[in-house]
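Notes for the one structure printed next.
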Amino acid sequence: MLEILNGLAKQAEEEAEKIHDRASLAALKAKFLGGSSPLKQAFADLKNLSDPKQKGPAGKMINDVKVQLESLFDRREKALSEEEAQKKMAGEKVDISLPGVSRVKGAMHPCSLVVKDLTDFFLGLGYKVAEGDDVELDMFNFELVNIPKDHPSRDMQDSFYIDDSRLLRTQTSAAQAHVLQAAKGVGPIKIICPGKTYRRDDDDLTHSHQFSQCEGLVVGKNVTMGQLMETLTLVLRHLFGEKRQVRFRPSFFPFTEPSIEVDVSCYNCDGKGCPMCKNTGWIEVLGAGMVHPNVLRMNGFDPEVYTGFAFGIGLERIAMLKYGVEDIRDFFTSDEAFLRQFRKE
Ligand code: DAH
């Protein structure tokens, strides 16, 4: 019997080694340990032993074989699971030599690049960024910046009206009234407000019904024209190069007094005259001035105590000059070929 049983363990071991799937292993286990296995039979035969003294040792022996078989099957089951996992992993291996699915990289819009540049610059000078809404009240867009209902300067800034009192803002100067009112008559104020603006205009190379501006407003107790000129010189040299000359010309805006228009010496010809500056040597870039006392007063500031300066920069104009864009419509027609040029690799 001992021999038969030992033979059983050996046979099971040999057969189990050949099996590489779990179902066949389960069948083999049933064959060696199941209800009709020789081992079960050996346990059953114990009671028929003629010598009862033999029952103990024989039982122990059969049991040892049983333990041996059980551990054999445990081992094989584990080995098979491992084998299967390895196979699965090999099948799922990522082929890193395959070219990946490339995604089209986006680019910052050239006007956003100018906004970012200006924002970084003015934050460095201690300004804060104010935000305004595209839909604005006529009151803020015009009246509170000293452009009453019948003012002729409104003709140049016709807009898209939503109803009698609301329109798409024609200028970021509307932000001036909001910022002043929020400060409740107490300075200092130092903000820029970049954003979209709209006007009823026939679109061509240099005109567009939608464009963007960056407003600047500084109000305090001793704010001077000299500070305005210095600030604008700094920002224009930042944008167009340290060697640029800056020229101030008298002008008119309803919300500033005095008002100026500002030119920068042509960076293309260094002021000698070329098609870019229409042979004048100068490029007009922005409007500015000292905040009109009416604007201060209407928005809760005492013009006897406070003075201020303001400026408005046309962002497309700056982007056109900086990046050599010839058609303002390129900024909003979403032509990928145009926008792709501003992609940083
Ligand atoms: N709002 C003016 C425009 O759209 C630009 C401007 C000029 C803004 C002078 C200012 C300023 O703040 O002082 O034409």
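The values are calculated or read from the model by the stated rules, or taken from the named source; none is laboratory data. Here the structure is a predicted model, which is why all the values come from computation and not from measurement. Because the Cβ atoms are built from the backbone with ideal geometry, glycine has one as well, and the counts that use them run over all protein chains shown. To get the accessible areas, we keep the full protein, side chains included, count just its heavy atoms, and leave off ligands, DNA and RNA. Shrake-Rupley method; radii C 1.70, N 1.55, O 1.52, S 1.80 Å.
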Exercise. If you project the alpha carbons of the stretch 1-116 onto the principal axes, what extent comes out on each, in Å, largest first?
Worked result: 105, 27, 18
For this session: May I ask for the Kirkwood hydrodynamic radius of the chain, worked out over all distinct Cα pairs and given in angstroms to one decimal?
Result: 27.0
Exercise. Quick one: net charge of A26's neighbours, Cβ under 11 Å, K/R +1, D/E -1?
Worked result: +2
Exercise. Could you state the number of Å between the C-alpha centres of the stretch 174-196 and the stretch 209-237?
Worked result: 13
For this session: Quote to one decimal, in nm, the extra length available between Q54 and H238 on full extension: 0.36 nm per residue of separation minus the C-alpha distance between them.
Result: 55.7 nm
Exercise. What lysines sit close enough to K29 to cross-link, taking a C-alpha to C-alpha distance under 21 Å and skipping anything fewer than 8 places away on the same chain?
Worked result: K10, K18, K40, K60, K66, K78
Exercise. If you check each cysteine of the chain for another cysteine whose beta-carbon is under 4.7 Å away, which ones come up empty?
Worked result: C111, C193, C214
Seminar exercise, completed: One finds, for V101 and T333 with R0 = 30 angstrom and r their Cβ-Cβ distance, a FRET efficiency to the nearest 0.05 of 0.60
Problem set entry | Student exercise, the chain dipole from Lys, Arg, Asp, Glu Cβ charges, in Debye to nearest 20 | 1520
Problem set entry | Relative contact order (%) - criterion: Cα under 8 Å, at least six apart; region: the chain | 15
Exercise. In deg cm²/dmol and to the nearest 500, what is the mean residue ellipticity at 222 nm of the chain if only DSSP H runs of at least 4 residues count, each as -39500 (n - 2.57), divided by the residue total?
Worked result: -13000 deg cm²/dmol
Seminar exercise, completed: With all protein chains present, the chain has a carbon and sulfur share of its accessible area (1.4 Å probe) in percent of 54
Exercise. How far is the Cα center of the stretch 291-327 from the Cα center of the stretch 52-121, in Å?
Worked result: 64
For this session: Between R249 and R200, with labels modelled 7 Å along Cα→Cβ, what's the label distance in nm to one decimal, could you check?
Result: 2.9
Seminar exercise, completed: Applying the gyration tensor rule to the Cα atoms of the stretch 100-249 (axes a ≥ b ≥ c; rounded if a/c under 1.5, else prolate if a/b exceeds b/c, else oblate), the class is oblate
Exercise. On full extension of the chain, what length is gained from H209 through K128, given 0.36 nm per residue of separation minus the C-alpha to C-alpha distance?
Worked result: 26.4 nm
Problem set entry | Convex hull of the stretch 44-110 built on C-alpha atoms - directionally averaged projected area, nm² | 9.5
For this session: Calculate the spin-label point distance for T119 paired with V94, positioning each point 7 Å from the Cα along the beta-carbon direction, and give it in nanometres.
Result: 3.4
Exercise. Between S165 and Q11, what length in nm is gained on full extension when 0.36 nm per residue of separation is reduced by their alpha carbon distance?
Worked result: 45.6 nm
For this session: Using only Cα atoms, locate the centre of the stretch 328-345 and the centre of the stretch 151-173, then give the distance between them in Å, rounded to an integer.
Result: 29
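Which of the pairs K128/K322; K196/K344; K128/K221; K190/K278 have their Cα atoms more than 28 Å apart in this structure?
Over 28 Å Cα-Cα: K190/K278.
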Problem set entry | From phi via Karplus (6.51, -1.76, 1.60), per-residue ³J(HN,Hα) for the stretch 43-50 in Hz, x at Gly/Pro | 4, 5, 5, 3, 5, 8, 4, 6
For this session: List the residues whose amide H sits under 5 Å from the amide H of T280, counting only those 5 or more places along or on another chain, with H placed 1.01 Å from N in the peptide plane.
Result: C274
Exercise. In the stretch 240-323, with Lys and Arg counted as +1 and Asp and Glu as -1 at Cβ, which of these residues, P254, S265, M290, has the Cα nearest the positive end of the dipole, that is, farthest along it?
Worked result: S265
Seminar exercise, completed: The answer for G289, listing residues at least 5 apart or on another chain whose modeled amide H is closer than 5 Å to its amide H, is I260, A310
